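Chemist: Sharing a structure below in structure tokens format, with a few things to ask.
The values are calculated or read from the model by the stated rules, or taken from the named source; none is laboratory data. Predicted model only: the values in this text are computed from it and were never measured. Cβ atoms come from the backbone with ideal geometry, glycine included; neighbour counts cover every protein chain shown.
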Amino acid sequence: MTRTDSHDRGQALDAFIKAMPKVELHLHIEGTLEPESVFRFARRNAVALDFDNVEALRRAYEFENLQSFLDLYNATMGVLCTEEDFFDLTWDYLARVAKQNVVHTEIFFDPQGHTRRGVPFATVVAGITRALEAGQQRYGISSRLILCFWRHLSEEEAFATWEQAQPHLDRITAVGLDSSELGHPPEKFQRVYAAARAAGLKAVAHAGEEGGPDYIWGALDTLHVDRIDHGVRCIEDGMLVERLVREQIPLTVCPLSNLRLRVVKNMASHNLSRMLALGLCVCVNSDDPAYFGGYMTENFLAVRKALELVPAQVLALGRNAIDASFLTVDDKAALHRRLEAAADEHGFSPGG
Ligand code: ADE
Ligand code: ZN
């Protein structure tokens, strides 16, 4: 194959990536707060900011590690105060990803980042869910909502949040665990997860992003999660990989996030294609797209290029996301049909 051939094939695959119906399973709605919106909400709510303008804030989107990102993320979400703010935030995200052909999204929110500032849990949920319903109407994007506990806070605080969630459980599909991983193992939240699962909720947890394989074992064995968020460090433990493959536990990988939080040195060294080759159920997601330089399409394009992915790998990532979602069997089948039809249209064999 000449260099031109390979360039043309890359271009054709990129065109398919843009067009393919995509499922997003790892997205923090507060992580979609673009710098312009930070200033818009700050003005609206008369919240003082530490930055003079949008450019200065954008320049601060340069991170050493997970904690340096979380420090900024936790601070900037302080501009979100009213139901309207949460509606607008979620609506802006949906409008953006509708253009990227996202057809289903499962969204995290961090209630403790809001209730600690006196914003009621009900206000947050009302704004987000109203936008999700409108997004289904306007763009045909289906969605689920996942309540995340901040793992740097106590078990008692997680239980207080769980109590506040009670009147809203019909809107919440799963619980999740995020924030600073190191030093805050899953075991700390065993009891609150047991309560959530007993109430019929699904469970996911961030694990194996900065933390090692032990955090993934803990999420599986003590939290009994349905999916692992990130999970890229599973590769360090052969027995763990064997289990994740055997049980087809999905791993919601976020390539640009891993790059920007220095989980990987460069995109070419990302282990996504290795994970696929091992038979792990991995998919591509954007995590905090406003902070990490890209939404779903940009994440796919970045790995396609750096890892020289071929159509079969891109399709596998798309299929895994559908299978890993919390949609019904029928809805999954419908999405699979859409994905295969798109592949066919772009000349990629549906079986491939
Ligand atoms: N909160 C938002 N993004 C996160 C990430 N990548 N890891 C842990 N907590 C988060
Ligand atoms: Zn995340």
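Chemist: Would you tally the residues in the range 11-34 being more than 11 Å from the chain's Cα centre (by Cα), under 14 Å from Leu315 (Cα atoms) and not acidic (Asp, Glu)?
Modeler: So the answer is 10.
A quick yes/no check of all residues on (1) away from ligand 1 (no atom under 16 Å from the Cβ); (2) free of Cβ contacts under 8 Å to residues at least 40 places away in the same chain:
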residue	(1), (2)
Pro289	no, no
Thr297	yes, no
Val310	yes, no
Ala321	yes, no
Lys332	yes, yes
His336	yes, yes
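Chemist: Okay, next question. Counting only residues that are over 25 Å from Asp229 (Cα atoms) and of a type in the set (Asp, Glu), which one in the range 3-51 is farthest from ligand 2 (Cβ to nearest atom)?
Modeler: Out of the qualifying residues, it is Asp5.
Chemist: Right, another one. Name the residue, out of Ile146, Ile172, Ile216, that is in contact (Cβ under 8 Å) with a residue 12 or more places away in the chain, touching a Pro at 6+ places or on another chain (Cβ under 9 Å) and of a type outside the set (D, E, K, R).
Modeler: Among Ile146, Ile172, Ile216, only Ile216 is in contact (Cβ under 8 Å) with a residue 12 or more places away in the chain, touching a Pro at 6+ places or on another chain (Cβ under 9 Å) and of a type outside the set (D, E, K, R).
Chemist: Restricting attention to the range 159-186, and to residues there that are in a strand (DSSP E or B) and away from ligand 1 (no atom under 13 Å from the Cβ), which single residue is nearest to Gly218 (Cα to Cα)?
Modeler: We begin by selecting, within the range 159-186, every residue in a strand (DSSP E or B); these are 174-178.
Keeping just the survivors that are away from ligand 1 (no atom under 13 Å from the Cβ) gives 174-175.
Numbers: Ala174: 18, Val175: 16 Å.
Going through the qualifying residues, I end up with Val175.
Chemist: Hey, does the range 84-91 have a residue that's of a type in the set (Phe, Trp, Tyr), in contact (Cβ under 8 Å) with a residue 12 or more places away in the chain, surrounded by 22 or more Cβ atoms within 10 Å (Cβ to Cβ) and within 16 Å of ligand 2 (Cβ to nearest atom)? Break it down stepwise before answering.
Modeler: If we filter the range 84-91 for residues that are of a type in the set (Phe, Trp, Tyr), which is where we start, we get 86-87, 91.
Retained after the next criterion (residues that are in contact (Cβ under 8 Å) with a residue 12 or more places away in the chain): 86-87, 91.
Subsequent filtering for residues that are surrounded by 22 or more Cβ atoms within 10 Å (Cβ to Cβ) retains 86.
Right, trim to within 16 Å of ligand 2 (Cβ to nearest atom) and you get none.
Scanning the range 84-91 turns up no residue that is of a type in the set (Phe, Trp, Tyr), in contact (Cβ under 8 Å) with a residue 12 or more places away in the chain, surrounded by 22 or more Cβ atoms within 10 Å (Cβ to Cβ) and within 16 Å of ligand 2 (Cβ to nearest atom).
Chemist: For the range 227-238, how many residues meet the condition of being out of contact with any Ser or Thr (no Cβ under 7 Å at 6 or more places or on another chain), of a type in the set (D, E, K, R) and within 16 Å of ligand 2 (Cβ to nearest atom)?
Modeler: Qualifying residue count for the region: 1.
Chemist: Any idea which of Phe149, Phe108 is within 30 Å of His336 (Cα to Cα) and either buried (at least 21 other Cβ atoms within 10 Å of the Cβ) or of a type in the set (Lys, Arg) (or both)?
Modeler: Only one candidate passes the filter, namely Phe108.
Chemist: Looking only at the range 117-127, decide whether some residue is modelled with pLDDT of 95 or more and within 16 Å of ligand 1 (Cβ to nearest atom).
Modeler: The answer is yes, given that some residue of the range 117-127 is modelled with pLDDT of 95 or more and within 16 Å of ligand 1 (Cβ to nearest atom).
Chemist: Right, next: Return the total of residues in the range 135-145 being exposed (fewer than 15 other Cβ atoms within 10 Å of the Cβ) and either among the aromatic types (Phe, Trp, Tyr) or part of a helix (DSSP H, G or I) (or both).
Modeler: Of the residues in the range 135-145, 3 are exposed (fewer than 15 other Cβ atoms within 10 Å of the Cβ) and either among the aromatic types (Phe, Trp, Tyr) or part of a helix (DSSP H, G or I) (or both).
Chemist: Given the structure, is Val225 touching a residue at least 24 places away in the same chain (Cβ under 8 Å) and within 18 Å of the chain's Cα centre (by Cα)? Spell out the reasoning first.
Modeler: Numbers: touching a residue at least 24 places away in the same chain (Cβ under 8 Å): yes; within 18 Å of the chain's Cα centre (by Cα): yes.
Yes, satisfied.
Chemist: Return the residue satisfying two criteria in turn: it lies in the range 272-297 and is more than 16 Å from His26 (Cα to Cα) and in a helix (DSSP H, G or I), and of such residues it is nearest to ligand 2 (Cβ to nearest atom). Break it down stepwise before answering.
Modeler: Within the range 272-297, the first condition is being more than 16 Å from His26 (Cα to Cα), and the residues that meet it are 273-280.
Next, only the ones that are in a helix (DSSP H, G or I) stay: 273-277.
Working: Ser273: 21, Arg274: 21, Met275: 17, Leu276: 20, Ala277: 24 Å.
That would be Met275.
Chemist: On to the next question. Phe300 fails exactly one of the following numbered conditions: (1) surrounded by fewer than 22 Cβ atoms within 10 Å (Cβ to Cβ); (2) part of a helix (DSSP H, G or I); (3) within 14 Å of the chain's Cα centre (by Cα). What is the number of that condition?
Modeler: Phe300 satisfies every listed condition except (1).
Chemist: Output the qualifying pairs, or none if there are none: Cβ atoms under 8 angstrom, residues six or more apart or on different chains, first residue in the range 14-28 and under 22 Å from Ser257 (Cβ atoms), second residue among the basic types (Lys, Arg) and within 16 Å of ligand 2 (Cβ to nearest atom).
Modeler: Leu25/Arg227
Chemist: Only one of these is of a type outside the set (A, V, I, L, M, F, W, C) and surrounded by fewer than 20 Cβ atoms within 10 Å (Cβ to Cβ): Gly176, Gly118. Name it.
Modeler: Gly118 is the lone residue from the list that is of a type outside the set (A, V, I, L, M, F, W, C) and surrounded by fewer than 20 Cβ atoms within 10 Å (Cβ to Cβ).
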